[in-house]
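Everything below concerns the one structure shown next.
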């Protein structure tokens, strides 16, 4: 199947990057008699740093001359309301994969939220153009294959900076492959029209994502003494925050139409509450 061919090529490319990195350049571990340097090396967990920095430089050049100007043009040509509707529409495509990951993470309440978001926004939101579900009490959250593997206890592995994809790790790479396999839209139709629509969706999704971080990345580039190290740190903090939120999320979902007393129950000991 064409879908399996594309997936296998992507996995092969990921493996090739890791192999080339291992063969072409690794960070030299510090001497054992320098415990502070050894601790920092282990905490950084970036043994392929020389190669990662080369890939970062290539990506950064491509971004500066191609991707960033396109994202700026995208933001300049389309008004905010159109960009928001486009973002919501694209996000709705990811709800089936998000729901599957919620279930694999043993988070039934989050899986229910994802299902209700997809059903509500696909119908009342006209295919996901409008995010009606949030106003009705079903808020969005993060869930993907990498987070699922993390909650299963799979270690992240060394830091990787991949061509086009940017910051990643072996665990995240496998997670992206999982998401592709689980996405029903990856397997619906394989004729030329479907492929063209898929490429268009990928391109618009990339522009949408890049346009939303233009200012933040510009600040990192302008202010950070070492943008590579700063991006590495920010990426890891963000991913860990997503994983922690998923692991610790136990709050109930209360739809907006529920009575106010159920959505905001009185605190014990306050007026309106009863003491047993």
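Read-outs: derived from the displayed coordinates by stated rules, not from any lab. The structure presented is a predicted model; accordingly, all values stated were derived computationally and were not measured. Note: ideal-geometry Cβ built from the backbone for every residue, glycine included; neighbour counts use all protein chains shown.
Quick look at the values:
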| quantity | calculated |
| --- | --- |
| Taking the range 47-253 and dividing mean pair separation by its residue count, relative contact order in percent (alpha carbons under 8 Å, at least six apart) | 25 percent |
| Cβ-derived FRET efficiency at R0 22 Å, residue 45 paired with residue 106, nearest 0.05 | 0.20 |
| Backbone N within the range 119-146 under 12 Å of label point (7 Å from residue 248 Cα along the Cβ vector) | none |
| Ratio of the Cα radius of gyration of the range 47-253 to 2.2 N^0.38 Å, where N counts its residues | 1.08 |
| Cα gyration tensor, the range 174-248 - rounded (a/c under 1.5), prolate or oblate | oblate |
| Mean Cβ count within 10 Å, highest first, over the residues of peptides 49-55, 245-251, 234-240, 124-130 | 49-55, 124-130, 234-240, 245-251 |
| At 1.002 mPa s and 20 °C, Stokes diffusion of the range 131-192 via Kirkwood alpha-carbon radius, µm² per second | 154 µm²/s |
| Residue 123/residue 236 FRET efficiency (R0 35 Å; Cβ-Cβ; nearest 0.05) | 0.35 |
| Mean Cβ neighbour count within 10 Å, used as a protection proxy, ranking 153-164, 195-206, 109-120 highest first | 109-120, 153-164, 195-206 |
| Cβ crowding within 10 Å averaged over residues, with 222-229, 94-101 ranked highest first | 94-101, 222-229 |
| Likely footprinting exposure, 105, 172, fewest C-beta neighbours within 10 Å first | 105, 172 |
| Label-point gap, in nm, between residue 61 and residue 209 - each point 7 angstrom along Cα→Cβ | 2.3 nm |
